[in-house]
Amino acid sequence: MRRKLVAGNWKMFGSVARNASLVRGLLDGLTDTPAEVAVFPPALYLQQVVGLVAGRPVLVGAQDLSPFAEGAYTGDIAGGMIKDAGARLVLVGHSERRHGHGESDALVAEKFCAAQAAGLTPVLCLGETLAERDADQTEQVLGRQFDAVLNRAGAAAMADAVLAYEPVWAIGTGRTASPEQAEEAHLFLRSRMASHDAMIASSLRILYGGSVKASNAEAIFAKPNVDGGLIGGASLVSGDFLAIIAAAS
Ligand code: PEP
């Protein structure tokens, strides 16, 4: 049985005061839930947020990391630093990095390996653009993005990783994949994993991300291959995020 995970990607939003108030709202409303909960603040605030959630069942992750362990890479942040700040997870290959910062499949694979080498659990984001979906290339794109990491890291590496299917056309657009579209993509990814290792495939958590809201979360999370969500905008309002966590319960 896979435990659902509801993860909030704060993107480049927040301040010391706003983070404190958002986390307070989250912790005040968080009741016993079978779902795992995680938040991904901007890197500068990792230590603050780790301190704020100390002793509560909320994991903290970073939104990106360097493919290198250390060195002369001005402005970059190494996985070891993220771990040192007390975080446990890190997003890899978010579409805003792939498309906004030109990150290639090969670079994403290097970052995935760097995350695991630092003792972090990577949350590997994959997804097709609207043009790719319209051209019937969704599975081809997901397969290419997933294979780049499988070939570099090896199938066994997926035993300590999470996937997040995030169609680019659904991120921050208000346009959500239907539960059936999400299920189809998740099933494709799980089958791809199963062709390497059936045991890992059955335990691999695959989150859906893209304009998840309290109103659509339950239907999406009800699909058998959807193991929770990666939530952007709605994770910045504690009440909305709590309602999505409740939908996963
Ligand atoms: C995201 O940033 O990963 C995301 C899914 O954003 P949103 O929920 O705002 O579409």
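The values are calculated or read from the model by the stated rules, or taken from the named source; none is laboratory data. Not measured: the values here are computed from a predicted model. Here the Cβ positions follow ideal geometry from the backbone for every residue, glycine too, while neighbour counts run over all protein chains shown. Note: areas computed on protein heavy atoms with side chains; ligands, DNA, RNA excluded. Shrake-Rupley method; radii C 1.70, N 1.55, O 1.52, S 1.80 Å.
Given a cut-off of under 8 Å on Cα pairs at least six residues apart, what relative contact order in percent is computed for the chain? The partial results should precede the final answer.
Working: 495 pairs, mean separation 55.4, N = 249.
Here the relative contact order equals 22 percent.
For segment 101-171, build the charge dipole from Cβ charges (+1 Lys, Arg; -1 Asp, Glu) around the Cα centre, then report which of V162, G102, C125 sits farthest towards its positive end.
Result: V162.
Using just the helices of the chain, give the 222 nm mean residue ellipticity in deg cm²/dmol: DSSP H runs with n ≥ 4 each add -39,500 (n - 2.57), and the total is spread over all residues, rounded to 500.
Value at 222 nm, helices only, nearest 500: -12000 deg cm²/dmol.
Just need the relative contact order of segment 201-249 here, percent rounded to a whole number, with Cα pairs under 8 Å and 6+ apart.
On the way: 58 pairs, mean separation 20.8, N = 49.
Reported as a whole number, the value is 42 percent.
When the accessible area of segment 5-248 is computed with all protein chains present and a 1.4 Å probe, what percentage of it is carbon and sulfur?
53
With viscosity set to 1.002 mPa s at 20 °C, what whole-number translational diffusion coefficient in µm²/s follows for segment 111-247 from Stokes-Einstein and a Kirkwood radius over Cα pairs? Let's see the in-between values first.
Values: Rh = 15.2 Å.
Here the translational diffusion coefficient equals 141 µm²/s.
I'd like to know how the chain sits against the 2.2 N^0.38 Å rule of thumb: what's its Cα Rg over that expected value?
Details: Rg = 16.7 Å, N = 249, 2.2 N^0.38 = 17.9 Å.
It is 0.94.
Find the centroid of the Cα atoms in segment 114-146 and in segment 211-240, then give the distance between the two in whole Å.
19
How charged is the neighbourhood of A201? Take every other residue with its Cβ under 13 Å from the Cβ of A201, and add Lys/Arg as +1 and Asp/Glu as -1. Each step should come with its number before you reach the end.
Working: positive: R2, R190, R192, R205; negative: D197, D227.
Local charge sum for A201: +2.
With every protein chain left in place, what is the accessible area of K83 in Å² (1.4 Å probe, nearest 10)?
It works out to around 90 Å².
Tally Lys and Arg at +1 and Asp and Glu at -1 over the other residues with C-beta under 11 Å from the C-beta of E36: what net charge comes out? Walk me through the numbers before you get to the answer.
Numbers: positive: R2, R3, K4, R88, R205; negative: D227.
Summing Lys/Arg as +1 and Asp/Glu as -1 gives +4.
Give the accessible surface of the chain per residue, rounded to a whole number of Å², with probe radius 1.4 Å and ligands, DNA and RNA excluded. Present the calculation step by step, with values, prior to reporting the outcome.
On the way: 10840 Å² over 249 residues.
Ligands and nucleic acids excluded, the result is 44 Å² per residue.
Calculate the dipole size of segment 108-216 relative to its Cα centre from +1 charges on Lys and Arg beta carbons and -1 charges on Asp and Glu beta carbons; express the result in debye to the nearest 20. Don't skip to the end; give the middle numbers.
Numbers: 9 positive and 13 negative charges, 63 e Å.
It works out to roughly 300 debye.
For segment 1-109, with only Lys/Arg (+1) and Asp/Glu (-1) charged at the beta-carbon, what is the dipole magnitude about the Cα centre, in debye rounded to 20? Write down the numbers at each step before the final one.
Details: 11 positive and 10 negative charges, 75 e Å.
Taking the Cα centre of segment 1-109 as origin, the dipole is about 360 debye.
What does the charge count near V149 come to, summing +1 for each Lys or Arg and -1 for each Asp or Glu among other residues with Cβ under 10 Å from its Cβ? Walk me through the numbers before you get to the answer.
On the way: positive: K111, R152; negative: D105, E110, D147.
Value of the local net charge: -1.
Where is the GNM fluctuation largest for the chain (alpha-carbon springs, 10 angstrom cutoff): P42, P34, P167?
Ranking P42, P34, P167 by mean-square fluctuation puts P34 first.
Could you size up the charge dipole of the chain around its Cα centre, putting +1 on the beta carbon of Lys and Arg and -1 on that of Asp and Glu, and report it in debye to the nearest 20? Walk me through the numbers before you get to the answer.
Working: 21 positive and 26 negative charges, 111 e Å.
Roughly 540 debye, rounded to the nearest 20.
Among A78, S21, A114, which residue has its Cα positioned farthest towards the positive end of the charge dipole of the chain, with +1 placed on the Cβ of Lys and Arg, -1 on the Cβ of Asp and Glu, and the dipole taken about the Cα centre?
S21
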